[in-house]
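Okay, structure first, notes after.
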Amino acid sequence: MTKYIFVTGGVVSGLGKGITASSLALLLKSRGYKVFMQKFDPYINVDPGTMSPFQHGEVFVTADGSETDLDLGHYERFIDEELNYSSNVTTGKIYSSVIEKERRGDFLGGTVQIVPHITNEIKNKIIEASTTSGASIVITEIGGTIGDIESLAFIEALRQMRNELGKENTLFVHTTLVPYIYGSLELKSKPTQHSVMELRGLGVQPDIIVTRNPFELGDELKKKISLYCSVDVENIIEAIDVENIYQIPINFFNQKMDEVVLKQFNLDLKKINLKEWKKLVDTVDNLKKKVEIALVGKYVELHDAYISVAEALRHAGYKYNTDVSINWVDSEKLEENTDFKKIFKNSKGILVPGGFGSRGIEGKIRAIKYARENDVPYLGICLGMQLAVIEFARNVCGITDASSTEFDELCINPIIDLMAEQKSIINMGGTLRLGNYSCKIKKDSLAYNTYKMEEIVERHRHRYELNNKYRNILEEKGMVFSGINEKSNLVEIIELPNHKHFIGCQFHPEFKSRPTRCHPLFDSFVKQSING
Ligand code: GLN
């Protein structure tokens, strides 16, 4: 029998529900249980793929090509399990599926309603996550804050599940804020009480409350929360603000959160192995060196838009006992007459990540030119690779009007062009080249030295590709195509051998980086940036 954990949030958004869910998952996995995670997002978009990163932060891509919420990135980085299509469910996905069934005649003769049709579909998505993953524990995080109109159907579905499966098989974790009032120098529990009341109004009594507070609650406040919210004192887990997020699972472990869960589920308290994780916490707490790396993008005001890239840089830093600090550079600002030397003065490496549309493109190209001409280590990801090719075509091959049909549909020299299979596609949602594709690596290349493998598999999210018609001239001038998807004859990795470290990839390596196992491309880029 699969056990189900539901994680809700109250009082305010941004409490770290995703990290709470991931930390609990890590503890249960470290006790030998197979855990699977999923996120419910109450918006109407079928997936976040069509949303602006300013709205939603990064779109995280799973191996099976699903475009998902950035919380899935936290999940994968914490539990080191590949998630999939079942891991991100939106209101849009649920309604599309119910409406499709209605049109097919599945409910012939009936009136299709939120209860039971929508709630049944939601429950099916939870069960599906359990059956497709074979996990013994499924953790479902519900996006948004209790009280939101949008999430009502989700909470109702969870309430029904508790009713059907009982307390032994379902468990509610509610995360809340306990604010500190500076005037009276007090932590306040009232918002937590109200949030739990709101949840109870929907028929759900939480089993565990996770409080987010700047410092310890103390016995009195804990007892008060316990009394008002009908939750045992030992089921109140404190998520005290920390600088090192990897400390959170350890803090939960010290408060026996995993024991509380396993006890309610009547599951064995198997021996825990947190050795690797504790070592990570220790490494991150004691980084000896520092390196600055510039990240040039158009969404830099919202760091969440590049969260996996930033994390992957930091992971590589851990390997070299180095704190990677990011110089967030707004690409649009580089379009004005700028002093590049000043902007990149302390940056030992330059990274241009993925992106869409024409805003800020010329600024990114100028940053790449600066990296190439000054032998600054460069890593270009997806759009960052495409622009590196355009820059090279313009400034080294002399094709001064080189561009991509993404920015200039009628350009005369489309160095980057729409993939053949993309030309007939009309819909925008879910139609990019997504997820895992393999790539053959050329021996004697930087890519090979980095991966030490001839065949790799990486995650993709793009519509455009390097135009094969220009391969010869680019190669003649010194660009090397060190990674090729042989099946479709697509260039996956480019590099410049006469440069210290200049590499670009069409895929997104950041999605596969883990804090305890950094990605090879980030590894070599950060290492070279440190070594100068
Ligand atoms: N916009 C480019 C494309 O669609 C690059 C995509 C990306 O960087 N993820 O091909």
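Looking only at the range 424-448, residues that are more than 16 Å from the ligand (Cβ to nearest atom), assigned to a strand (DSSP E or B) and hydroxyl-bearing (Ser, Thr, Tyr) come to 1 in all. Residues in the range 49-60 that are buried (at least 17 other Cβ atoms within 10 Å of the Cβ), over 16 Å from residue 14 (Cβ atoms) and either modelled with pLDDT of 90 or more or small (Gly, Ala, Ser) (or both): 49, 59, 60.
The residues in the range 1-22 that are β-branched (Val, Ile, Thr) and more than 28 Å from residue 268 (Cα to Cα) can be counted, and the count is 2. Scanning the range 338-379 for residues that are basic (Lys, Arg), within 16 Å of the ligand (Cβ to nearest atom) and surrounded by fewer than 24 Cβ atoms within 10 Å (Cβ to Cβ) returns a single hit, 359. When the criteria are applied in full, residue 243 meets the requirement of being charged (D, E, K, R), part of a loop (DSSP other than H, G, I, E, B) and within 30 Å of residue 348 (Cα to Cα). For the range 11-19, does any single residue satisfy the condition of being polar (S, T, N, Q) and out of contact with any helix residue (DSSP H, G or I) (no Cβ under 9 Å at 6 or more places or on another chain)? The answer is yes, given that some residue of the range 11-19 is polar (S, T, N, Q) and out of contact with any helix residue (DSSP H, G or I) (no Cβ under 9 Å at 6 or more places or on another chain). In the set (1) near the ligand (Cβ under 10 Å from one of its atoms); (2) part of a helix (DSSP H, G or I), residue 416 fails one condition alone, (2). Just checking, does the range 153-163 include any residue being surrounded by fewer than 19 Cβ atoms within 10 Å (Cβ to Cβ) and modelled with pLDDT under 95? Taking every residue of the range 153-163 in turn, none turns out to be surrounded by fewer than 19 Cβ atoms within 10 Å (Cβ to Cβ) and modelled with pLDDT under 95.
For the range 212-256, the tally of residues that are of a type in the set (A, V, I, L, M), modelled with pLDDT of 95 or more and farther than 20 Å from residue 187 by Cβ stands at 1. Of all residues in the range 331-356, those that are free of Cβ contacts under 8 Å to residues at least 40 places away in the same chain have Cβ atoms under 7 Å from Cβ atoms of residues that are more than 16 Å from the ligand (Cβ to nearest atom), 6 or more apart or on another chain, in 334/366; 340/370.
Scanning the range 380-403 for residues that are more than 13 Å from the ligand (Cβ to nearest atom) and among the β-branched types (Val, Ile, Thr) returns 396, 399, 400.
Within the range 305-337, the set of residues being within 16 Å of the ligand (Cβ to nearest atom) and in contact with a Pro (Cβ under 8 Å, 6 or more places away or on another chain) comprises 305, 306, 309, 312.
If you filter the range 95-113 down to residues that are without any contact (Cβ under 8 Å) to a residue 40 or more places away in the chain and part of a helix (DSSP H, G or I), you find that the one that is farthest from residue 144 (Cα to Cα) is 104. Taking residue 15, is it assigned to a loop (DSSP other than H, G, I, E, B) and in contact (Cβ under 8 Å) with a residue 60 or more places away in the chain? In short, yes. Evaluate the following for residue 406: is it acidic (Asp, Glu) and either touching a residue at least 60 places away in the same chain (Cβ under 8 Å) or more than 12 Å from the ligand (Cβ to nearest atom) (or both)? No. Scanning the range 455-508 for residues that are among the β-branched types (Val, Ile, Thr), in contact with a Ser or Thr (Cβ under 8 Å, 6 or more places away or on another chain) and farther than 18 Å from residue 351 by Cα gives 456, 457, 480.
If you go through the range 97-113 and keep only what is exposed (fewer than 14 other Cβ atoms within 10 Å of the Cβ) and among the aliphatic types (A, V, I, L, M), you end up with 99, 108, 112.
Of the strands (runs of 3 or more DSSP E) lying entirely inside the range 449-497, the ones with 2 or more residues being over 20 Å from residue 510 (Cα atoms) and either without any contact (Cβ under 8 Å) to a residue 40 or more places away in the chain or within 16 Å of the ligand (Cβ to nearest atom) (or both) are found at 480-485. The combined condition, being within 27 Å of the chain's Cα centre (by Cα), surrounded by fewer than 24 Cβ atoms within 10 Å (Cβ to Cβ) and free of Cβ contacts under 8 Å to residues at least 12 places away in the same chain, is fulfilled by residue 149.
The values are calculated or read from the model by the stated rules, or taken from the named source; none is laboratory data. Everything numeric here is computed off the predicted structure, so don't read it as measured data. As a convention, Cβ positions derive from the backbone with ideal geometry for all residues, glycine included, and neighbour counts pool all protein chains shown.
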